[in-house]
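First the structure, which I've put down as structure tokens, then a few questions once you've had a look.
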Amino acid sequence: MRPAGEVVRATGGVAVLRAAVSVDPETVDRDDPTPALSAAGLPAAGDEVVDGSLTTVGRVVDAFGPLERPYLAVDADDPAAHIGERLYVRERQR
């Protein structure tokens, strides 16, 4: 498990998290940013997000915003219940 970020907003069925990682913009190839984002540990679309008790909150649907402090959109059943809470990414089984 690794930190995903803190829930800062809720809208509809989406929790908006301030990501726990930042990315140095100088390391990003603007034509293909995926390698730099992955290397920095930014969760990918489809990654499962859980709370501190390992209860599934939802899945990452998008990352957006400035590279230095990106946001994550997480599809969640009750996003408002998690405002201010730190959430985590469950590591994928290999």
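Only the coordinates and a few stated rules stand behind these numbers; no lab work does. Remember, predicted model here, so these are calculated numbers, not experimental data. Ideal geometry is used to build each Cβ from the backbone, glycine not excepted, and the neighbour counts take in all protein chains shown.
So which trypsin sites (Lys or Arg not before Pro) in region 3-44 are both in a DSSP loop and have at most 16 other Cβ atoms within 10 Å of their Cβ?
Details: sites: ARG9, ARG18, ARG30; in loops: ARG30.
Listed in order of number, the matching sites are ARG30.
Further, regarding this structure: Cut-off 10 angstrom, C-alpha nodes, Gaussian network model of the chain. Which of LEU72, LEU37, LEU17 fluctuates the most?
Result: LEU37 has the largest fluctuation of those listed.
Show me, for region 22-31, the HN-Hα J-couplings you get by feeding each phi into the Karplus relation (A = 6.51, B = -1.76, C = 1.60, θ = phi - 60°), rounded to Hz, glycine and proline as x.
10, 10, 6, x, 5, 8, 9, 7, 4, 7
For the chain, modelled as a GNM with alpha-carbon contacts under 10 angstrom, which of VAL57, VAL74, VAL28 fluctuates the most?
So, out of VAL57, VAL74, VAL28, the one fluctuating most is VAL28.
If you don't mind, another one. Mind checking the dipole of the chain: about its Cα centre, +1 per Lys or Arg Cβ, -1 per Asp or Glu Cβ, Debye to the nearest 20?
Details: 10 positive and 16 negative charges, 44 e Å.
Result for the chain is approximately 220 debye, rounded to the nearest 20.
While we're here: Can you tell me, using C-alpha contacts under 8 Å and at least 6 residues apart, the relative contact order of the chain as a whole percent?
Working: 213 pairs, mean separation 37.8, N = 94.
Relative contact order of the chain: 40 percent.
Add +1 for every Lys or Arg and -1 for every Asp or Glu among the other residues with Cβ under 13 Å from the Cβ of SER22, and state the total. Walk me through the numbers on the way to the answer.
Numbers: positive: ARG18, ARG69; negative: ASP24, GLU26, GLU68.
Counting the neighbours of SER22, the net charge comes to -1.
Please list, ordered by chain and number, the residues whose modelled amide H lies under 5 Å from the amide H of GLU85; skip anything fewer than 5 residues away on the same chain.
So GLU85 has HN proximity to VAL7.
With the chain treated as a Gaussian network of Cα nodes joined by springs under 10 Å, which of ASP32, ASP77, ASP47 yields the largest mean-square fluctuation?
Of ASP32, ASP77, ASP47, the Gaussian network model singles out ASP32 as fluctuating most.
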